[in-house]
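Participant: Before anything else, here's the structure in question.
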Amino acid sequence: MKKLLINIFKTLFFFDLAVISFSLLPTIKTENSALLKFSSEGFQMLFIILLTAVFIKWVEKKSIKLPSKKKKFKQVMLGLFLGIVLPVIAIAVMIATKSFKFEGINAVKQFYFWIPALLFNAITTEYLLRGYLFQLYKREYGVIASVVLTTLLYISLNSHILKMGKIYITTLIVFNILLCVLLEWTSSMVVTISVRFFYSLFSTFVLGSMSLSGGYPALLKYKYSGNSFITGGANGIEGSIIPLGIIGICFAFWAWKKYKPIPLVKNLINKIKNMKKA
């Protein structure tokens, strides 16, 4: 019980210190919104990396390590595929059903600030949710406890999603759980950071569908029409059933690879045959 209370204190101290500090960190004084977002996201990223290093080195005495494997390029490519496939397939279905109408391109300048800012945001979020705390709870209580903790922290960090409709809430929560699964499957935060970055790049920057702490422009002009169950209505693709279905397929594929149901079924059949012979 004492150990659990200590870990809860560590969780609250680490998470609350990070979130509170994000609002207090300095930013570059400028009227340039792109540079302002670049600097604020950059300072938050540096702070969470430093805070994580401090907790791992001095609080945990290096008994925890963040998962990282070699072959980073391969992991980034996996992140690119998974991060882009969700919104792209959703838009493709909407175009095929004539629910999505392209109307033009917004004049977005300074890509060299906006895109790195999205990357900084992805790194910050993954370090906050699936960095030190995820590994702490995995070590003490197992992976399921880590996934539950991560999900609760994600909801507390993005409480506004509770007003966005059942599909929107479910999609983002299940997406968060999928990232936990990917972390365990690949043993690399590079994959989860890449998935979050590329998904945000398309959904936030290209479509303007998912809001990330406000301030990001949308590249495309478009209109949704038709069944909101498919289009997501005012909530955009996160409110659509399509990404949720794709995430479900990803889970099914992972379970298939992880638990290998065909060999399990064959073994069960062989056991039944042997029992009959006996």
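Participant: Kindly provide the set of residues from region 59-110 that are aromatic (Phe, Trp, Tyr) and either under 17 Å from the mean Cα position of the chain (by Cα) or within 30 Å of Gly131 (Cα to Cα) (or both), ordered by number.
Facilitator: Start the filter on region 59-110 by keeping residues that are aromatic (Phe, Trp, Tyr), which leaves 73, 81, 100, 102.
Across region 59-110, the qualifying residues are Phe73, Phe81.
Participant: Just to verify a result, which residue in region 216-263, among those that are in contact with a Leu (Cβ under 9 Å, 6 or more places away or on another chain) and among the small types (Gly, Ala, Ser), is modelled with the highest pLDDT?
Facilitator: Out of the qualifying residues, it is Ala218.
Participant: Filter region 138-175 down to the residues that are open to solvent by 40 Å² or more (accessible area, probe 1.4 Å), closer than 26 Å to Gly232 by Cα and of a type in the set (Ser, Thr, Tyr) and list them by number.
Facilitator: Hits for region 138-175 are Ser156, Ser159, Thr170.
Participant: Among the residues of region 124-137, is any β-branched (Val, Ile, Thr), open to solvent by less than 40 Å² (accessible area, probe 1.4 Å) and farther than 24 Å from Ser240 by Cβ?
Facilitator: Within region 124-137, the first condition is being β-branched (Val, Ile, Thr), and the residues that meet it are 124-125.
Retained after the next criterion (residues that are open to solvent by less than 40 Å² (accessible area, probe 1.4 Å)): 124-125.
Filter once more, so that each one left must be farther than 24 Å from Ser240 by Cβ: 124.
There is at least one residue in region 124-137 that is β-branched (Val, Ile, Thr), open to solvent by less than 40 Å² (accessible area, probe 1.4 Å) and farther than 24 Å from Ser240 by Cβ.
Participant: Continuing with this model, one more query. Can you name every residue in region 8-49 that is at pLDDT 90 or above, over 11 Å from Leu128 (Cα atoms) and among the β-branched types (Val, Ile, Thr)?
Facilitator: Matches in region 8-49: Ile20 only.
Participant: Could I ask something else about it? Might you let me know whether region 185-199 holds any residue that is open to solvent by 20 Å² or more (accessible area, probe 1.4 Å), at pLDDT below 90, assigned to a helix (DSSP H, G or I) and not polar (S, T, N, Q)? Explain how you work it out, then say what you get.
Facilitator: To start, the set of residues in region 185-199 that are open to solvent by 20 Å² or more (accessible area, probe 1.4 Å) comprises 185-187, 190, 193, 196-198.
Then drop every residue that is not at pLDDT below 90, which leaves 185-187.
In the following step, the residues that additionally are assigned to a helix (DSSP H, G or I) were identified as 185-186.
Add one more test, that the residue is not polar (S, T, N, Q), and what stays is 185.
Yes, region 185-199 contains at least one residue that is open to solvent by 20 Å² or more (accessible area, probe 1.4 Å), at pLDDT below 90, assigned to a helix (DSSP H, G or I) and not polar (S, T, N, Q).
Listed here are the residues, each with its yes/no results for (1) in contact with an Asp or Glu (Cβ under 9 Å, 6 or more places away or on another chain); (2) closer than 25 Å to Ile115 by Cα; (3) open to solvent by 40 Å² or more (accessible area, probe 1.4 Å).
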{"position": "Phe202", "(1), (2), (3)": "no, yes, yes"}
{"position": "Ser209", "(1), (2), (3)": "yes, yes, no"}
{"position": "Tyr222", "(1), (2), (3)": "yes, yes, yes"}
{"position": "Ser228", "(1), (2), (3)": "no, no, yes"}
{"position": "Ile237", "(1), (2), (3)": "no, yes, no"}
{"position": "Pro243", "(1), (2), (3)": "no, yes, no"}
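Participant: Further question on the same structure: Can you pull out every residue in region 139-168 that is under 16 Å from the mean Cα position of the chain (by Cα), in a helix (DSSP H, G or I) and at pLDDT below 85?
Facilitator: Matches in region 139-168: Leu157, Ser159, Ile161, Tyr168.
Participant: Can you tell me how many residues in region 75-96 are open to solvent by 70 Å² or more (accessible area, probe 1.4 Å) and either of a type in the set (Gly, Ala, Ser) or at pLDDT below 85 (or both)?
Facilitator: 2
Participant: Still on this structure, please answer the following. Can you tell me which residue is nearest to Ser39 (Cα to Cα) among those in region 97-123 that are open to solvent by less than 70 Å² (accessible area, probe 1.4 Å) and of a type in the set (Gly, Ala, Ser)?
Facilitator: Ala117
Participant: Now for a separate question. Which of (1) touching a residue at least 60 places away in the same chain (Cβ under 8 Å); (2) assigned to a helix (DSSP H, G or I) is the odd one out, the single condition Ile177 does not satisfy?
Facilitator: Result: Ile177 fails condition (1) only.
The values are calculated or read from the model by the stated rules, or taken from the named source; none is laboratory data. Because the structure is a prediction, the values reported are computed rather than measured. Don't worry about glycine lacking a Cβ; one is built from the backbone with ideal geometry, like all the others, and counts go over all protein chains shown. When the accessible area is computed, the model is the full protein with side chains, heavy atoms only, and any ligands, DNA or RNA have been set aside. Shrake-Rupley method; radii C 1.70, N 1.55, O 1.52, S 1.80 Å.
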